[in-house]
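K.L.:
The structure under discussion is supplied below as structure tokens; questions concerning it will follow.
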């Protein structure tokens, strides 16, 4: 939320649409109010930290979950993101056109495309849960001793 607010404010200033940054300052103050009482959490680190791109998180997860096909999850995510963000070439490639956007009940997207996306998502979720369960039951180097 912080990074999205920063990006929106920066864009508004560049476009000369709104130079009032009071909402940004209000959000920063709220972050400080929430973070200050939390032990070992510096609110300034929250507001000055570098944004981690969601695409890089998906890229790393894609490589980790399917080493034999490291781009599959990322490709599916990019196609879904393209449609959801209105990327016309991607949308047209899987059957979204002006008519289907204007009349969603007449959506013509090939269900085969979504079946493939769903299959990838379910398989990757199952693999991720398996990884998590394995990790959760391992003893870790910096783990506190069990009492």
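K.L.:
Between 76, 80, which is at pLDDT below 80 and in the same structural domain as residue 128 (by TED's automatic domain parsing)?
P.N.:
80
K.L.:
Consider only pairs whose beta carbons are under 6 Å apart and that are at least six residues apart or on different chains; among these, list those whose first residue lies in segment 120-137 and is assigned by TED's automatic domain parsing to the domain that holds residue 67 and whose second residue is surrounded by 10 or more Cβ atoms within 10 Å (Cβ to Cβ).
P.N.:
Qualifying pairs under 6 Å: 120/72; 120/76; 124/65; 124/73; 127/65.
K.L.:
While we're on this one: Any idea which of (1) assigned to a loop (DSSP other than H, G, I, E, B); (2) at pLDDT below 80; (3) within 24 Å of the chain's Cα centre (by Cα) is the one residue 23 doesn't satisfy?
P.N.:
For residue 23, the failing item is (1).
The values are calculated or read from the model by the stated rules, or taken from the named source; none is laboratory data. Remember, predicted model here, so these are calculated numbers, not experimental data. We place every Cβ from the backbone using ideal geometry, glycine too, and count neighbours over all the protein chains shown.
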